[in-house]
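The values are calculated or read from the model by the stated rules, or taken from the named source; none is laboratory data. Everything quoted here is computed from the prediction, not taken from an experiment. Note that each Cβ is placed from the backbone with ideal geometry, even for glycine, and that neighbours are counted across all protein chains shown. Note: areas computed on protein heavy atoms with side chains; ligands, DNA, RNA excluded. Shrake-Rupley method; radii C 1.70, N 1.55, O 1.52, S 1.80 Å.
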Amino acid sequence: MTVPGYSVEQKIDERVRWQAYPSWAHFAWLYCVSLMACIRGLLALRSGTGGWSIWLGGAVALLVCVAMLRRWAHYTFTTNRVTVSNGYTGRDIQTLPFDDLSEITVLQGPLAQFLGIGTLVLRSADGDRMVCLRGVRDPDVVKTRLEALRPS
């Protein structure tokens with residue numbers, strides 16, 4: 001993805017200041033569904049009814065999905081920009097240069113606050129672009145770090 005006003009020389013000079021994948025806690029709902037499927041399979045096994053292996057297999061499949069989904073997005077702060085990229089291919093999905101960054105907001109519901117995760121919403125100066133970093137652990141700390149990287 002080409003960002004207007006962003007040269008190849010700037011990309012070469014930039015250094016990574018922070019990077020992360022979404023937190024494991026971001027997928028808590030999938031853990032619950034997997035746990036329910038596992039319990040259902042174990043109850044079927046204990047009672048001697050058929051289908052227990054499908055329930056246990058489904059529980060394992062959901063846990064594999066969690067591992068794959070967590071790596072789908074990769075968040076990076078460099079000296080020049082914020083990037084959301086595909087964790088498997090490395091291709092940039094969204095990029096916002098610090099020069100164009102105007103507002104940083106942290107969104108947390110009660111459950112997310114309990115789990116210590118949140119969503120960082122970054123808005124461009126002209127308001128036409130928005131980058132969301134979902135499932136970030138300690139979002140207030142990450143916001144402070146991001147604000148420190150912004151040019152004065």
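In table form, for the structure just shown:
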{"item": "Qualifying residue in region 85-108 (condition: open to solvent by 70 Å² or more (accessible area, probe 1.4 Å), part of a loop (DSSP other than H, G, I, E, B) and out of contact with any Ser or Thr (no Cβ under 8 Å at 6 or more places or on another chain))", "result": "yes"}
{"item": "Enumeration of residues in region 23-52 that are over 27 Å from residue 73 (Cβ atoms), among the aliphatic types (A, V, I, L, M) and either open to solvent by 70 Å² or more (accessible area, probe 1.4 Å) or modelled with pLDDT under 85 (or both)", "result": "39, 42, 43, 45"}
{"item": "When residues of region 109-128 are limited to those that are touching a Leu at 6+ places or on another chain (Cβ under 8 Å) and either in a helix (DSSP H, G or I) or touching a residue at least 24 places away in the same chain (Cβ under 8 Å) (or both), the one most open to solvent (accessible area, probe 1.4 Å)", "result": "125"}
{"item": "Pair list, Cβ < 9 Å and 6+ apart or interchain, from region 63-91 residues that are more than 30 Å from residue 33 (Cβ to Cβ) to residues that are part of a loop (DSSP other than H, G, I, E, B) and open to solvent by less than 80 Å² (accessible area, probe 1.4 Å)", "result": "78/14; 79/14; 80/6; 80/14; 81/3; 81/6; 81/14"}
{"item": "Neighbours by Cβ (under 7 Å, 6+ apart or cross-chain): first from region 28-45, in a helix (DSSP H, G or I); second open to solvent by 40 Å² or more (accessible area, probe 1.4 Å) and among the aromatic types (Phe, Trp, Tyr)", "result": "37/55; 40/55; 41/52; 41/55; 44/52; 44/55; 45/52"}
